[in-house]
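The values are calculated or read from the model by the stated rules, or taken from the named source; none is laboratory data. Model, not experiment: these values are computed from the prediction. Virtual Cβ from ideal backbone geometry, glycine too; neighbours counted across all protein chains shown.
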Amino acid sequence: MATTTTTTTTQSSVCRYSAPPLLVLFSLTILFFLNPVTGSTPWPHNKINTTDLIFGSSKKYEGSSDFVHLNYHMGPVLTSNITIHLIWYGTWQKSQKRIIRGFLNSISAVDSKHPSVSGWWKTVQLYTDQTGANISKHVHIGEEKNDRFYSHGKSLTRLSIQSVIKSAVTVRTRPLPINPKSGLYLLLTSDDVHVEDFCGQVCGFHYFTFPSIVGYTLPYAWVGNSAKQCPGFCAYPFAVPGYIPGLKPVKSPNGDVGVDGMISVIGHEIAELATNPLVNAWYAGHDPSFPTEIADLCEGIYGTGGGGSYTGQMMEDHVGATYNMNGMRRRFLVQWVWNPLVSYCSGPNALDQ
């Protein structure tokens, strides 16, 4: 649901990623109306002291099966070929789009060097529906829409995000296809767009559109570029909060702190959309308004030994950039997800892989 913060929310969240995992789950309000299900947050939005940083308050750590009761609630999951339709809201550089497309195209790539993004997705594929069918291994980019003139302004609410999606699927010129069964709609806002709860609580979230607004029920996710607004919160560990003295950021693998920070949040949200698209499939807890999903359980964990306030063991390339997965032609840092077979967080860069 949400990214790297330890709070639970109601819209399927976006991911925030930070060394100290504190996940912010979005709250669906108005019975799933005002707030999307969850949101991801890489860094805790509450200031913490040194002791908190070392030990952390989260019980979500590698091997935390005693604390987790992930259940299947009989809803649909995405077992058909998954198509991601992109909405670029605001001003985006071509280089930024290439980084994000490179990550999405790597999910189904078969020839990436180990540890790979496609290896990470294999954990997501372990989840099934009522018939035993697994999440699809085929994920590809569909149609794209550029909203470079900020059609709904530079300040969006959770509900106006759905209006942006409506515009993209109903516009007269080249509307995005309507694909409610296997399509995911990914709305990405540029670094000059303010979104409700962005930076203060979440870095992204996922949910589904309301027919009363969009005309269709479509699984979607929103992720924002935090480069100018809160990189220390949403782009951690490539940027760090100023209130923690002595904490040093790591070098981003693609040379763009804001976009490299978005990658893990995007991965977080897509993994949860695939396994819980209508907020009635895979999640922990009894209240679907506040679900804890497969990526929420692993907030802030990027490698073996991760949990609490530790990211786990990551890798560095020849120029000192930090990553944990290889894509087709790029490297990325992506948080792990919950493995239902072994009941702990896992990823392709685990030392026992």
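The single condition among (1) in a loop (DSSP other than H, G, I, E, B); (2) within 30 Å of ARG98 (Cα to Cα); (3) not acidic (Asp, Glu) that CYS345 does not satisfy is (1).
If the condition is being among the β-branched types (Val, Ile, Thr), in contact with a strand residue (DSSP E or B) (Cβ under 6 Å, 6 or more places away or on another chain) and either part of a loop (DSSP other than H, G, I, E, B) or crowded, with 19+ Cβ neighbours inside 10 Å (or both), then the range 125-150 contributes only VAL139. Cβ-Cβ distances below 8 Å connect the following pairs, each with a first residue in the range 169-185 that is on the phi < 0 side of the Ramachandran plot and free of Cβ contacts under 8 Å to residues at least 40 places away in the same chain, a second residue that is part of a helix (DSSP H, G or I) and not polar (S, T, N, Q), and a separation of six or more residues or different chains: PRO175/ALA168; PRO175/VAL169.
Of all the numbered requirements in (1) touching a residue at least 24 places away in the same chain (Cβ under 8 Å); (2) surrounded by 24 or more Cβ atoms within 10 Å (Cβ to Cβ); (3) within 30 Å of SER190 (Cβ to Cβ), ALA239 misses one, and that requirement is (1).
The test for being at pLDDT 95 or above, assigned to a helix (DSSP H, G or I), in contact with a Lys or Arg (Cβ under 9 Å, 6 or more places away or on another chain) and over 19 Å from PRO340 (Cα atoms) holds for SER167.
Only one of the numbered conditions (1) without any contact (Cβ under 8 Å) to a residue 60 or more places away in the chain; (2) closer than 17 Å to LEU278 by Cβ; (3) surrounded by 16 or more Cβ atoms within 10 Å (Cβ to Cβ) is violated by GLU196, and that is (2). The selection criterion, being surrounded by fewer than 24 Cβ atoms within 10 Å (Cβ to Cβ) and either within 19 Å of MET262 (Cα to Cα) or among the basic types (Lys, Arg) (or both), holds for ALA321.
I'd like to know if the range 259-282 contains one or more residues that are in a loop (DSSP other than H, G, I, E, B) and charged (D, E, K, R). Checked against the condition, which is being in a loop (DSSP other than H, G, I, E, B) and charged (D, E, K, R), the range 259-282 yields no hits at all. The condition (being surrounded by 24 or more Cβ atoms within 10 Å (Cβ to Cβ), among the polar types (S, T, N, Q) and more than 25 Å from SER118 (Cβ to Cβ)) is satisfied by just one residue among SER264, SER226, SER212, SER252: SER226.
For TRP120, state whether it is part of a loop (DSSP other than H, G, I, E, B), among the hydrophobic types (A, V, I, L, M, F, W, C) and in contact (Cβ under 8 Å) with a residue 40 or more places away in the chain. Here the answer is no, as TRP120 does not meet what is asked.
Entry remark, the range 199-209: residues being buried (at least 24 other Cβ atoms within 10 Å of the Cβ) and of a type in the set (Val, Ile, Thr) number 1 in total. On inspection, LEU247 qualifies as over 17 Å from VAL334 (Cβ atoms) and either at pLDDT below 95 or part of a loop (DSSP other than H, G, I, E, B) (or both).
For the range 43-99: of the residues being among the aliphatic types (A, V, I, L, M) and loosely packed, with under 14 Cβ neighbours inside 10 Å, which is modelled with the highest pLDDT? Per the criteria, the residue is MET74. Against the condition among the β-branched types (Val, Ile, Thr), surrounded by fewer than 24 Cβ atoms within 10 Å (Cβ to Cβ) and closer than 30 Å to MET74 by Cβ, how does VAL279 come out, does it pass? Taking the combined requirement at face value, the residue does not satisfy it. Within the range 109-117, does at least one residue satisfy the condition of being among the acidic types (Asp, Glu), at pLDDT below 95 and either touching a helix residue (DSSP H, G or I) at 6+ places or on another chain (Cβ under 9 Å) or farther than 24 Å from PRO175 by Cα (or both)? Yes, the range 109-117 contains a residue that is among the acidic types (Asp, Glu), at pLDDT below 95 and either touching a helix residue (DSSP H, G or I) at 6+ places or on another chain (Cβ under 9 Å) or farther than 24 Å from PRO175 by Cα (or both). Of everything listed in (1) modelled with pLDDT of 95 or more; (2) crowded, with 18+ Cβ neighbours inside 10 Å; (3) assigned to a loop (DSSP other than H, G, I, E, B), the single unmet condition for PRO288 is (1).
Can you name every residue in the range 159-207 that is of a type in the set (Phe, Trp, Tyr) and in contact with a helix residue (DSSP H, G or I) (Cβ under 6 Å, 6 or more places away or on another chain)? The one that is of a type in the set (Phe, Trp, Tyr) and in contact with a helix residue (DSSP H, G or I) (Cβ under 6 Å, 6 or more places away or on another chain): TYR185.
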